[in-house]
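The values are calculated or read from the model by the stated rules, or taken from the named source; none is laboratory data. In this text, all values refer to a predicted model and were calculated from it rather than measured experimentally. Here Cβ is always computed from backbone atoms with ideal geometry, including for glycine, and neighbour counts include all displayed protein chains. Accessible surface areas use protein heavy atoms only, side chains included; no ligands, DNA or RNA. Shrake-Rupley method; radii C 1.70, N 1.55, O 1.52, S 1.80 Å.
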There are 2 protein chains.
Amino acid sequence: MSYQKYKAALQEIKDLQAAQAVLHWDMETFMPAKGLQQRSRQLASLGRLAQEKAQAPELGELLQNLLAQKEQFSPAEQRNLELSWEDYQEAQKLSPQFVEQLSLLTSKAQAAWQKARQAKDFSLFAQPLSELLAAKREEAKIRAKAGQGHLYDSLLRSYEKEATVARLDPIFEQLSSGIRQLLAKIAAQGTPPKKEFLNHRFPADQQWAFSLELLEQMGYDFEAGRQDASTHPFTTSFGAEDVRITSRIDEEDLMSCLGSSIHEGGHALYEQGLLSSEYGLPLGEAVSLSIHESQSRLWEQNVAGSEAYWQHNFDRLQSLFPSQLSGVKAQDFYRAINYLAPNFIRTEADEVHYHLHVGIRYQLEKQLIGGELEVDQLEAAWNEAYERELGIRPDNPQLGVLQDIHWSAGLWGYFPTYSLGSLYASQFFAAAKKALPELQSQIAQGELLPLRNWLRKEIHEKGRHYSSETLCQQLTGQGLSVEFFLAYLEEKYRKIYNF
Amino acid sequence: MSYQKYKAALQEIKDLQAAQAVLHWDMETFMPAKGLQQRSRQLASLGRLAQEKAQAPELGELLQNLLAQKEQFSPAEQRNLELSWEDYQEAQKLSPQFVEQLSLLTSKAQAAWQKARQAKDFSLFAQPLSELLAAKREEAKIRAKAGQGHLYDSLLRSYEKEATVARLDPIFEQLSSGIRQLLAKIAAQGTPPKKEFLNHRFPADQQWAFSLELLEQMGYDFEAGRQDASTHPFTTSFGAEDVRITSRIDEEDLMSCLGSSIHEGGHALYEQGLLSSEYGLPLGEAVSLSIHESQSRLWEQNVAGSEAYWQHNFDRLQSLFPSQLSGVKAQDFYRAINYLAPNFIRTEADEVHYHLHVGIRYQLEKQLIGGELEVDQLEAAWNEAYERELGIRPDNPQLGVLQDIHWSAGLWGYFPTYSLGSLYASQFFAAAKKALPELQSQIAQGELLPLRNWLRKEIHEKGRHYSSETLCQQLTGQGLSVEFFLAYLEEKYRKIYNF
């Protein structure tokens, strides 16, 4: 009986969060311009109510009572209760006053960031960023656990429970060094692919239609979702039976839409694969941001980034753009879209340089939170890191330290999950190839459902039952390793660059 | 200070209601099929939370405290407090248990209604309808006021505070009798207009584009709203700066889309004209359903139902459908779309017969609530009333007693507001013509903003400051009168039918 009460309480919170997600989706897709002000306050109210309920003392008491008699529940119910209790305790750590102060500082920082970015002037952002940084340091202290290593660990934990500086430092070191070695080999011995035929106009309607076909092929369920256009692509879920994605179209850049749709499609398959019966409960939620990103990256990099994928799909693409792609072969196309070059903007980076961008942010965040770097040194530190790691130096902060929304939005500790996602993706994909011996030939024939179904069974339907690391152990027989991703890159670019 | 607290409390309730409205809009427009179940529970949670807050004892205490010192507030603030106190007391009348029981009975009745309608078998609906009727009678008793005449008055009041059987009986009698006389004259002396040229296919895209142009012409603000497609057209507001309408398209019936867009556009202008500064407060709300309907009807019947309107707009319409409307003159078109004929379905009725449909429902509801009619007699009573009033007898209940959603949805007392809306519309429009001497020629030139601005100033921006009757007195110098609408019909159809 009181498990039902617990379930009802959590599902009511989820209803409020889902409503928030619908309002947010609408804001990014269909909302008329003048609706912004009232929409913002509606979102704030829903967020406040959901948080009140998540922190309510009655919920804490209920959880404690249930846990005191937990042997009467099924293992799955016990796991839900344990995870909810962890979440509840984590939510208690910050007082409502502190949360409100953070929210105010974030609003201020976001407004300043937008202005500074437009004006290409970091100094306009420095003061609000310093205030927000001080608050995030404070948050990190409040959230810190006994025996915790680095202060930054407290923030990393919000997005990936098991992430710590002690674990991430060697990962990013190995990743950066592997990438630098690969790039050095390519520079010394590689032949860059031709990509001039991508410099055409690719009309929006055909791009969109093709992106829908690719999603269908992946097994994205259009009766439980839809794709719309927005400035920044995203995935949002209102429950496993209504998971929507957005994409963008650039007629000068064919892969912008296709890449976004496939990436978001990977996130969406995870959400569509969660158990509806566990709606609102931990076992109906994704493990972590890293594992979420592993699903988008697995489809984007390991599936759609493979030659086999384009062997199957290129004919159709060519039939949609016959003049633009006239005389081009599948292999030429595959090589062209994998052309590597350093650039300033993370979200436009190729899959190799991408992780150098992320690594820079990880190091800077760690130093900022740890007190080894202050905001007035940040722009210089950023530019030096880009010069050192990518060999390019941004000549204005719009192309540099002001490019990402994360810091102004208070999302400190988030960036590393982007790289962890790629690493998990390659490691999971290696396990998929073992479990599905026909996988490569299936991909080459456009048969993607066996892979989707394997991911669904092995990852999606498990919800938060296992931690990221345990899941990785179970699936791959070992903890997270950088080797799989580096091997993927080495094998792929050796062929493309002929070295 | 505590007026601010009151305002924040009401605006939080409004935020929840607006979120509900967004989720409902999305459900009717873009939601994928499988999303229904989770969406339903999200809507239910938002509704329950909004109701809890509207009935919270703290809100009652706050209102009483503020009203006890009301002289310190501005007249507008005092009016807000008074109306909120009325609303609060009304909300207190039904216990949460009773509201929940009503909601359960309604869900049951709606499911049964859908089945019965599809099977064309009233008996499948009879039992759940009886149970719901018993509950609505109970609700009417609980809501009854001292000295109240008919039990039905309690339900009428939910949609139009000043509506009572004592007031509505003579109104519907005069309205029906006037309409019957007009129809008799037409039958005896009139010549029906030709309408064969409407029997064409009118492609959807042009219809939609034209409907957007007509909305623009009315002064509907597309930066504070949008039009989408749905099965049943409706208007919804998430605050005055985001007011959306939906329309439908039938390629065989040109006026279905245009008529719906104009009608909903009228509702939307009301919502867009409410004061954003009074968001969530009574002075930021529409007076009543009747006055709301007066705004849709004024645009649909008195503006777009006039020859002047089509003198201006027909050329553009003809240019969109050159082959279908080849050789047709504006006057021919105007006459054709005003062809009168009795039919079974209220929502497809012409503006003359429409009120006979409404009158029948009013009489039946009154008798059902009053206990003079029972559910097992309802189908027969319906069919007899149609034979008597419209001269046609439905041969199955899908075309008869099962056509409307209202009774199964618990919306008892709602129907009369449809006719009151038309009556107020004609009376308000007469006042507008006095206030704006150039109005007719402005309409003939497509200049509709003077009318919109007059309505905004005289009605929309006043919110709930005045009751329907007081507003009518102020605007027209007298209480609601059936004469204006009957005069409108007489003058219009005398010309169209040449008698």
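Data for the structure
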item	result
Scope the range A:253-291; condition touching a Ser or Thr at 6+ places or on another chain (Cβ under 6 Å), within 14 Å of chain B (Cβ to nearest Cβ) and of a type in the set (D, E, K, R); matching residues	A:E271
Leading residue by the ranking (most open to solvent (accessible area, probe 1.4 Å)) among those in the range A:71-81 that are part of a helix (DSSP H, G or I) and closer than 16 Å to A:P282 by Cα	A:P75
Of residues in the range A:17-36 being in a helix (DSSP H, G or I) and within 7 Å of another protein chain (Cβ to nearest Cβ), the one nearest to A:G284 (Cα to Cα)	A:A18
Number of positions in the range B:357-385 that are in contact with a Lys or Arg (Cβ under 8 Å, 6 or more places away or on another chain), assigned to a helix (DSSP H, G or I) and farther than 21 Å from B:S177 by Cβ	2
Residue match in the range B:259-266 (condition: β-branched (V, I, T), open to solvent by less than 20 Å² (accessible area, probe 1.4 Å) and part of a helix (DSSP H, G or I))	yes
Inter-residue pairs, beta-carbon under 7 Å, first without any contact (Cβ under 8 Å) to a residue 60 or more places away in the chain and in the range B:351-376, second in a helix (DSSP H, G or I) and among the hydroxyl-bearing types (S, T, Y), 6+ apart	B:I360/B:Y386
Count of the range A:450-467 residues which are assigned to a helix (DSSP H, G or I) and closer than 16 Å to A:F429 by Cβ	10
Residue list for the range B:402-437, filter: among the polar types (S, T, N, Q), closer than 17 Å to B:L156 by Cα and assigned to a loop (DSSP other than H, G, I, E, B)	B:S408
Enumeration of residues in the range A:194-234 that are assigned to a strand (DSSP E or B) and either free of Cβ contacts under 8 Å to residues at least 60 places away in the same chain or within 11 Å of another protein chain (Cβ to nearest Cβ) (or both)	A:Q227, A:D228
Residue, nearest to the chain's Cα centre (by Cα), within the range B:479-488, restricted to residues that are surrounded by fewer than 21 Cβ atoms within 10 Å (Cβ to Cβ), more than 23 Å from B:R157 (Cβ to Cβ) and of a type outside the set (D, E, K, R)	B:L486
Conditions (1) within 29 Å of A:A224 (Cβ to Cβ); (2) in a helix (DSSP H, G or I); (3) open to solvent by 10 Å² or more (accessible area, probe 1.4 Å); (4) not hydroxyl-bearing (S, T, Y): number failed by A:V287	(2)
Test: residue in the range A:238-250 that is surrounded by fewer than 18 Cβ atoms within 10 Å (Cβ to Cβ) and either without any contact (Cβ under 8 Å) to a residue 60 or more places away in the chain or within 14 Å of another protein chain (Cβ to nearest Cβ) (or both)	yes
Tabulated pairs, the range B:41-53, first more than 7 Å from every other protein chain (Cβ to nearest Cβ), second hydroxyl-bearing (S, T, Y) and part of a helix (DSSP H, G or I), C-beta under 9 angstrom, 6+ apart or interchain	B:A44/B:S103; B:G47/B:S103
Looking only at the range A:3-40, and only at residues there that are in contact (Cβ under 8 Å) with a residue 40 or more places away in the chain and acidic (D, E), the one that is surrounded by the most Cβ atoms within 10 Å (Cβ to Cβ)	A:D15
Options B:L67, B:L94, B:L83, B:L62: the member that is of a type in the set (A, V, I, L, M, F, W, C), in contact with a Leu (Cβ under 6 Å, 6 or more places away or on another chain), over 30 Å from A:R244 (Cβ atoms) and more than 11 Å from chain A (Cβ to nearest Cβ)	B:L67
Residues that are over 29 Å from B:K70 (Cβ atoms) and open to solvent by 70 Å² or more (accessible area, probe 1.4 Å), drawn from the range B:82-106	B:P96, B:Q97, B:E100, B:Q101, B:L104
